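Accompanying notes for the structure given below.
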Amino acid sequence: MAIPAPQPRSTTHRSAPGEMTCAVCSTESRQVTFRAGAPEQAPDLDLRPGEPLRSTMGHWLQQCPRCGYAAPDISQARPSAARVVGAAPFRSLVSEAAHPPLSRRFLAWAHVLEETGAMHEAAEAMLQAAWTADDLNRQDLARSWRLEAVALWRSGPGLDAEQQVRVVDALRRAEAWDGAADAIAAMLRDQPPEAVRQVLALESRLVESADARRHTVASALPPPARRPHVAHQKLAGRSSLFGWLRRLFRRR
């Protein structure tokens, strides 16, 4: 198993705000363009990136102040996004006062993705909404949104190894113990590569002990995951692509 080479220290930053035009309603607003540096700490088992990127979620999405459209770049929109944003379910979602403001931004993006057929991307955004709930200690919301993320992943095309492991972790974090155990057993029947088996072995121990806490990849794959790495979230509306983890997960 190749060990990723140490990377130069990098910082996560955002550029100065500039005028952008919403692709849905054509409203101009000042928005910050976020540029992410590589995290210096190992990601969680669900691939939430480590610090310093971990704490920058408030800058991952832009949101139009008029129509509420949220996306990594509101100057671009998926086909039919305007129809989705103008419909009652979206309007209700972005005005739901029971949900934290940052969470609503990710839920809005997830809703647009789901309604326009991008199920795996919608699952990613829904999981990110759960991360915002984690940070606010709203475990009721975090559990609910993790289960919704699992449903979205499973309603899309077939899942790759990375996505299946994330489903396992989402079920465990949501305290869906039987579902997590079944997902682990299904993956092991396919005889995954060693790195995947190591992660699943940790997940299995955590499920057996009813441990729903956050754990990092470094707990399952020492020592490479403890070294500086290049894993980081692509925030442009596609599924996360942690290149070095994909190399670990591929069959050999």
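Nothing in this text is a laboratory measurement; each read-out follows from the coordinates by a stated rule. All values derive from a computational prediction rather than experimental measurement. Quick reminder, even Gly has a Cβ in these numbers, built from the backbone with ideal geometry, and neighbours come from all protein chains shown.
Placing +1 on the Cβ of every Lys and Arg and -1 on the Cβ of every Asp and Glu, with no other charges, gives region 42-249 a dipole of roughly 480 debye about its Cα centre. Each of 168, 94 was scored by other Cβ atoms within 10 Å of its Cβ. Listed from fewest to most, they are 94, 168. May I ask you to list the GluC sites (Glu not before Pro) in region 104-178 that are in a DSSP loop and have at most 16 other Cβ atoms within 10 Å of their Cβ? Passing both the DSSP loop test and the Cβ count: 175. Among 99, 59, the ranking by other beta carbons within 10 Å of each residue's beta carbon, starting with the fewest, stands as 59, 99.
I need the shape label for region 42-249. Rule: rounded when a/c is under 1.5, else prolate if a/b > b/c, else oblate, with a, b, c from the alpha carbon gyration tensor. Cα axes put region 42-249 in the prolate bin. Normalised by the number of residues in region 42-249, the mean separation of alpha-carbon contacts (under 8 Å, six or more apart) gives a relative contact order of 22 percent. From least to most packed, judged by other beta carbons within 10 angstrom and beginning with the fewest, 167, 24 follow the order 24, 167. Counting charges near residue 19 (Lys, Arg +1; Asp, Glu -1) among other residues having Cβ under 9 Å from its Cβ returns a value of 0.
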